[in-house]
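**Student:** I have a structure here, written as structure tokens, and I will follow up with some questions on it.
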Amino acid sequence: DTAVSQTPKYLVTQMGNDKSIKCEQNLGHDTMYWYKQDSKKFLKIMFSYNNKELIINETVPNRFSPKSPDKAHLNLHINSLELGDSAVYFCASSGAGELFFGEGSRLTVL
Amino acid sequence: DAKTTQPPSMDCAEGRAANLPCNHSTISGNEYVYWYRQIHSQGPQYIIHGLKNNETNEMASLIITEDRKSSTLILPHATLRDTAVYYCIVRGHMEYGNKLVFGAGTILRVKS
């Protein structure tokens, strides 16, 4: 069983569209995260939720809206996609210590 | 912002120990040193972490200097599959508000 799973793995879309990436973890963790890795390979935290409550919200355009329907799920919705949104988005979860990452969702905006 | 400094790249011969250094001179007393790695196109993978004592697990050993201003990750017998970007991160432990901030990391190339 995959501990942290993301869907879709690949997403190609046009500028201006709205898209969502879903994340689920089966580790029983309370905290989940979204990270963005751009073409320069830097991993940057975007959001973190603890028990469905937003606890970290970095300087991210408000076109990005995370939603946590329950503590096992953290979805990322992106409105009005721009070319600069092209990146790999990683979901992660943590209990008391280390983070467990998903395999990433590669978003390409044309 | 990352609080650590790592060399941009290192090479290691297959079967030999890989020693990856990290400087974290501004580490505070309650902050841990974490190591993660990212193999090409995969999600980052946790390796090991420590506070002030040396630590060892099935993947690696972590040596932290007495003043805690630097540490070394040791992969005792590197294989080709250990080729990856290795990240050294300083973070408060067991507090959900503490972020894991990634720097540029060290690209380790294991060569046959």
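**Student:** Chains B and A: how much accessible area gets covered up at their contact, both sides added, probe 1.4 Å, in Å² to the nearest hundred?
**Tutor:** On the way: alone 6600 and 6290 Å², together 11260 Å².
Chain pair B/A: roughly 1600 Å² of buried accessible area.
**Student:** Taking the alpha-carbon distance from B:K69 and a cut-off under 18 Å, which lysines remain once sequence neighbours fewer than 8 residues away in the same chain are dropped?
**Tutor:** Once the sequence-local lysines are set aside, what remains near B:K69 is B:K3, B:K52.
**Student:** Per-residue mean of other chain beta-carbon atoms within 10 angstrom of the beta-carbon, peptide B:43-50?
**Tutor:** For this peptide, the per-residue mean of nearby foreign Cβ atoms is 5.
**Student:** Another question about this same structure. Treat every Asp and Glu Cβ in segment A:19-106 as -1 and every Lys and Arg Cβ as +1, leave all other atoms uncharged, and give the resulting dipole magnitude about the Cα centre to the nearest 20 debye.
**Tutor:** 240
**Student:** How high is the relative contact order of chain B? Use alpha-carbon pairs under 8 Å, at least six apart in sequence, and give a whole percent.
**Tutor:** Value for chain B: 37 percent.
**Student:** Still on this structure, I have one more. In whole Hz, with x marking every Gly and Pro, tabulate ³J(HN,Hα) for segment B:27-44 from phi via Karplus 6.51 cos²θ - 1.76 cosθ + 1.60, θ = phi - 60°.
**Tutor:** 4, 9, x, 9, 9, 9, 9, 10, 10, 10, 9, 10, 7, 2, 6, 10, x, x
**Student:** Here is a follow-up. I'd like the mean, over residues of B:78-85, of how many other protein chain beta carbons sit within 10 Å of each residue's own Cβ.
**Tutor:** Across B:78-85, the average partner-chain Cβ count within 10 Å equals 0.
**Student:** Follow-up question, since we're still on this one. Would you list, by chain and number, the lysines whose Cα falls below 19 Å from the Cα of A:K22, excluding same-chain residues fewer than 8 positions away?
**Tutor:** A:K9, A:K36, A:K44, A:K52, A:K67, A:K71
**Student:** Write down the Å³ per residue value for the convex hull defined by the alpha carbon atoms of segment B:37-112.
**Tutor:** On the way: hull volume 8.5 nm³, N = 76.
Roughly 112 Å³ of hull volume per residue.
**Student:** Please report, in debye to the nearest 20, how large the charge dipole of chain B is about its Cα centre when each Lys and Arg carries +1 at its beta carbon and each Asp and Glu carries -1 there. Each step should come with its number before you reach the end.
**Tutor:** On the way: 11 positive and 10 negative charges, 36 e Å.
Charge dipole of chain B: 180 debye, to the nearest 20.
**Student:** I'd like to check one number: the per residue accessible area of the protein assembly as shown, probe 1.4 Å, reported in Å² as a whole number.
**Tutor:** Here the per-residue accessible area is 51 Å².
**Student:** To the nearest whole number, what is the average tally of beta carbon atoms from other chains within 10 Å of the beta carbons of peptide B:63-71?
**Tutor:** Values: counts 0, 0, 0, 0, 0, 0, 0, 0, 0.
Per residue, the number of nearby Cβ atoms from other chains is 0 on average.
**Student:** Which three extents, in angstrom, do the Cα atoms of chain A have along their principal axes, listed largest first?
**Tutor:** Taking max minus min along each principal axis of the Cα atoms, chain A gives 38, 27, 24 Å.
The values are calculated or read from the model by the stated rules, or taken from the named source; none is laboratory data. Treat the numbers as computed from the prediction; the structure is a model and nothing was measured. We place every Cβ from the backbone using ideal geometry, glycine too, and count neighbours over all the protein chains shown. These accessible areas exclude ligands, DNA and RNA; they are computed on the full protein's heavy atoms, side chains included. Shrake-Rupley method; radii C 1.70, N 1.55, O 1.52, S 1.80 Å.
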